[in-house]
Amino acid sequence: ARAAGVYRQLAPLFREAYRELGISERSWEETLAAAIENLLAVEVPPTAPAVREAVGRYRYADGTLQALSPAQKHMLRLGPDNARAVQEKLREIATRLDLGASVTAAREGSRDGMREGSRDGMREGARDGMREGSRDGMREGSRDGMREGSQISAEA
């Protein structure tokens, strides 16, 4: 409730700054709703996913998880309990801010993980926010953060 109240006070500044960036045809609220939907679409596994070491970094052993957007992979790196807690808070914020039907649909479809039949844990169109060339979503310095919440696979 408090976060939603602070957001409402700052929303005009967010809108103005977003317009000044000039990077999208969508409104600030539409972009925020899409970002929340993207994170709610992540299937949070019961245990930390396995990773394998790759040249200078770690990658998910499961190619399906590796194909997620950078933001979705960061969600998984929080660990199962923290990721579910963040998703629940995002649902609460989206509801309090009345961000629209798209987040409501994501909220309902993502309550226990991913929507039925969505093999890669993403809703259609969720990859659109991912920039070309950043498919792994990890920087050189993020190896240790990935290692803490994940099991390291022996595969290379």
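Only the coordinates and a few stated rules stand behind these numbers; no lab work does. Here the structure is a predicted model, which is why all the values come from computation and not from measurement. Heads up, the Cβs are rebuilt from the backbone with ideal geometry, glycines too, and the neighbour counts pull from every protein chain shown.
Summary table
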{"quantity": "Peptides 32-42, 9-19 ordered by average Cβ neighbours within 10 Å, highest first", "calculated": "32-42, 9-19"}
{"quantity": "Cα-projected label distance for residue 30 with residue 84, points at 7 Å along beta-carbon direction, nm", "calculated": "3.5 nm"}
